[in-house]
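Before any comments, here is the structure.
The values are calculated or read from the model by the stated rules, or taken from the named source; none is laboratory data. The structure presented is a predicted model; accordingly, all values stated were derived computationally and were not measured. Cβ placement follows ideal geometry from the backbone for every residue including glycine, while neighbour counts extend to all protein chains displayed.
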């Protein structure tokens, strides 16, 4: 365990389903991130939260909706996804927005059918 | 366009071989360069964070160098072992009034016993 815990590890959902991914860290970090990794592509940044405020949204479709209720928890709410959204979704945290060296979770492998 | 290029894409070596990979990044607005090691079914793990031109870091048999003026970093593994088999990611953070981190696609290393 790295200190960043993601659940579930695997998720299969239909295109009409609503589901949520959860990320939790108790490292005292102030910044949290959602990344997407599709096959043979680099990690793509989706959202950044710093001190519970969303500071970056990289043109992500509205069918992905992040939520950061406190500095330890980050959610990614999913609804009406498409098969091309199937990917590995990684959560990460860092001490603050400017300090590098992310701590990553193990990811959620999402399959949309 | 900001790209982080890693080469080679994959590499097969024998146990005991020494190897190195390259990460190329834009040389302007440099803030930091980081290397991660990502084993299958695990979380990416931070290896090094480098911020100064000429930085050299070492962790056991793994070392890295940084040239911010020409925009490249090398990762070296001395005497590769099967447990070194993983994907090695580099990421470039720039600071243009805000921080942005871009990942390369990684170099996949296979070490055969």
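Yes or no, residue by residue, for (1) surrounded by 17 or more Cβ atoms within 10 Å (Cβ to Cβ); (2) within 13 Å of chain B (Cβ to nearest Cβ); (3) closer than 24 Å to residue B:30 by Cα:
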residue	(1), (2), (3)
A:5	no, yes, no
A:27	no, yes, no
A:48	yes, yes, yes
A:62	no, no, no
A:68	yes, no, no
A:79	no, no, no
A:106	yes, yes, no
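Just for the stretch A:41-55: of the residues that are assigned to a loop (DSSP other than H, G, I, E, B) and closer than 15 Å to residue A:29 by Cα, which one is modelled with the lowest pLDDT? Reasoning before the result, please.
First pass over the stretch A:41-55, keeping only residues assigned to a loop (DSSP other than H, G, I, E, B): A:41-43, A:51-52.
Then drop every residue that is not closer than 15 Å to residue A:29 by Cα, which leaves A:51-52.
Numbers: A:51: 80, A:52: 76.
Per the stated criteria, the residue is A:52.
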* Lone qualifier among A:38, A:94 - being touching a helix residue (DSSP H, G or I) at 6+ places or on another chain (Cβ under 9 Å), under 30 Å from residue B:30 (Cα atoms) and at pLDDT 90 or above -> A:38
* To do: Could you grab me the full set of residues in the stretch B:1-41 that are more than 26 Å from residue A:106 (Cβ to Cβ), in a loop (DSSP other than H, G, I, E, B) and touching a residue at least 24 places away in the same chain (Cβ under 8 Å)?
  => B:2, B:3, B:8, B:15, B:16, B:17, B:18, B:25, B:26, B:27, B:28, B:29
* Asked: Of all the residues that make up the stretch B:71-102, how many are surrounded by fewer than 17 Cβ atoms within 10 Å (Cβ to Cβ) and either under 9 Å from the mean Cα position of the chain (by Cα) or closer than 12 Å to residue B:22 by Cα (or both)?
  -> 2
* To do: For residues that are away from chain B (no Cβ under 11 Å) and within 25 Å of residue B:34 (Cα to Cα), tally how many sit in the stretch A:81-104.
  => 4
* Structure fact -> Subset of the stretch A:79-95, residues farther than 21 Å from residue B:43 by Cβ and part of a strand (DSSP E or B), comes to A:79
